[in-house]
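Beneath this line is the structure, given in structure tokens, with notes to follow.
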Amino acid sequence: MKKFFIAICLVIISGMNADAQGNNYVQDYTKFDGLALTPPMGWNSWNKFACNINEKLIMEIAEVMVSSGMRDAGYEYINLDDCWHGDRDSLGFIHPDPERFPSGMKVLADFIHSKGLRMGLYSDAGSRTCGGRPGSRGYEFQDALTYANWGVDYLKYDWCNTEGLKAEGAYKTMAAALKKAGRPIILSICEWGDDEPWKWGPAVGHLWRTTGDIFNCFDCVEDHGTWKSFGVMQILDRQKGLRQYAGPGRWNDPDMLEVGNGMQENEDRAHFSMWAMIAAPLIAGNDLRAMTKETIGILTNKEVIAVNQDSLGIQGFQYSVKDKLETWFKPLKDGSWAVCFLNRNDSPQEVDFDWAKEAVQDSLSKRDLDNRAGEYTIRNLWTKKASGTTEKRFKATVPSHDVVMLRLIRNI
Ligand code: GLA
């Protein structure tokens, strides 16, 4: 009887404890599953417009995303980067800059959604964003709720002014806040690769920046004094050793595209092709309202996009380098392979590739290029022409700072 009495007391006390804690909600620090099963595609305001954004611009971009054919080619997200923010109100709720976004974010999100697109916003784990606007530190749950109420679909979360914070914990806090808010929102981790986000990022976010910012040059480093930004080739070289971390729902992010922002057409083509080969998010960063037909042609090349968006989700790899001519391979779901010859030289280079003699093996995807003669039909993805089979050696000239990109289609 005494034992029974003690047991009853323990049950009552533990019940009181639960009441004292107010609830028994278990915080979930993981991302929403089932999002970004292929690399996200869209547009972001930063590379071209920096802080100079407003609702008229964003609406025009959304419209051109549709009329240019980009939406139909797969681009989905219209992402506002830094500087959309106004102030927090007396209750701590963030509001958009009232002069630049007088209609408010809900109206803008509704507009973007009405075009069959999705909306992205930007914040920062620290006290202030890189552009000096209010950051989310201490307001994570409130901000996540606000974004969810506005109808936001994608959050780029930056890393300025984060003194004293640990990246993994800070990003987990925002992942938990988004989970609690309940709207499936892609979390784009932007801490520039400093704390090896590829190791902890897959559980927390859907993509993670691997480097500092991109700069619109093919192969240069731009020194801004206290920080540096990197040309396309510089960024590409910094992706070494990371491919095993990528896959459906978790992508290495070598930063947004500079296509259409001032490089030569061949350099833009090489940039876009390599981002496709390494399964990078394809987030355009140019003024879509003022695109040349060459830029549109690059950004909407559906066969190159199909390489990027392939559902196997395997990041391509560098197979060989000779005299600054690189050969890259990417295995694809249907047994095909994408191949890209990248010429980093200042002069044209000859490709002479004997499929029968090469041993292309990928231990990550456990796929080998079957080099029995004639096993694949070759399609050139930029000239959009058939180019024989793998029975014969492949010969081509690759212009300077350009690519020849192929799809080897399995002959069943
Ligand atoms: C950082 C990010 C950029 C951009 C700016 C905005 O530099 O890496 O992509 O978001 O902040 O201030």
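The values are calculated or read from the model by the stated rules, or taken from the named source; none is laboratory data. Predicted model only: the values in this text are computed from it and were never measured. Cβ coordinates were reconstructed from backbone atoms using ideal geometry, including for glycine residues, and neighbour counts include every protein chain displayed. Calculation scope for accessible area: heavy atoms of the full protein, side chains included, ligands and nucleic acids excluded. Shrake-Rupley method; radii C 1.70, N 1.55, O 1.52, S 1.80 Å.
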Of the residues that sit in the stretch 46-72 and are aliphatic (A, V, I, L, M) and over 24 Å from residue 304 (Cβ atoms), which one is surrounded by the most Cβ atoms within 10 Å (Cβ to Cβ)? 58
Selection within the stretch 325-361 - under 19 Å from residue 246 (Cα atoms) and aromatic (Phe, Trp, Tyr): 328, 329, 337
Among the residues of the stretch 173-192, is any of a type outside the set (A, V, I, L, M) and free of Cβ contacts under 8 Å to residues at least 12 places away in the same chain? no
Hey, can you tell me all the residues within the stretch 160-192 that are open to solvent by 10 Å² or more (accessible area, probe 1.4 Å) and out of contact with any helix residue (DSSP H, G or I) (no Cβ under 7 Å at 6 or more places or on another chain)? 160, 161, 163, 164, 165, 166, 169, 170, 179, 184, 192
Residue list for the stretch 247-288, filter: away from the ligand (no atom under 16 Å from the Cβ) and either basic (Lys, Arg) or open to solvent by 10 Å² or more (accessible area, probe 1.4 Å) (or both): 248, 250, 260, 262, 263, 264, 265, 266, 267, 269, 287
For the stretch 290-305, which positions are closer than 20 Å to residue 277 by Cα and without any contact (Cβ under 8 Å) to a residue 12 or more places away in the chain? 297
For residue 227, work out the one condition from (1) open to solvent by less than 60 Å² (accessible area, probe 1.4 Å); (2) within 13 Å of the ligand (Cβ to nearest atom) it doesn't fulfil. (1)
Condition first: open to solvent by less than 30 Å² (accessible area, probe 1.4 Å) and among the polar types (S, T, N, Q). Now tell me which residues in the stretch 32-45 satisfy that. 44, 45
Got a sec? Which of 75, 25 is away from the ligand (no atom under 16 Å from the Cβ), closer than 25 Å to residue 185 by Cβ and either at pLDDT below 95 or surrounded by fewer than 15 Cβ atoms within 10 Å (Cβ to Cβ) (or both)? 25
Filter pass, residue 103 being under 24 Å from residue 208 (Cα atoms), hydroxyl-bearing (Ser, Thr, Tyr) and at pLDDT 95 or above: no
If you go through the stretch 355-367 one residue at a time, do you hit one that is charged (D, E, K, R), within 26 Å of residue 302 (Cβ to Cβ) and surrounded by 12 or more Cβ atoms within 10 Å (Cβ to Cβ)? yes
Can you confirm whether the stretch 30-52 contains a residue that is among the hydrophobic types (A, V, I, L, M, F, W, C) and at pLDDT below 95? no
Subset of the stretch 235-246, residues part of a helix (DSSP H, G or I) and more than 15 Å from the ligand (Cβ to nearest atom), comes to 236, 237, 243, 244, 245
For the stretch 375-412, give me each residue that is open to solvent by less than 70 Å² (accessible area, probe 1.4 Å), of a type in the set (S, T, N, Q) and out of contact with any Pro (no Cβ under 9 Å at 6 or more places or on another chain). 377, 380, 387, 389, 390, 411
Considering only the stretch 311-412, give the strands (runs of 3 or more DSSP E) lying wholly within it that have at least 1 residues that are under 26 Å from the mean Cα position of the chain (by Cα). 317-322, 325-331, 337-343, 376-380, 402-410
So for the stretch 123-130 (the condition being in contact with a Cys (Cβ under 6 Å, 6 or more places away or on another chain), open to solvent by 40 Å² or more (accessible area, probe 1.4 Å) and more than 20 Å from residue 182 (Cα to Cα)), does at least one residue qualify? yes
Looking at residue 243, is it farther than 23 Å from residue 123 by Cα, open to solvent by 60 Å² or more (accessible area, probe 1.4 Å) and outside the structural domain of residue 328 (by TED's automatic domain parsing)? no
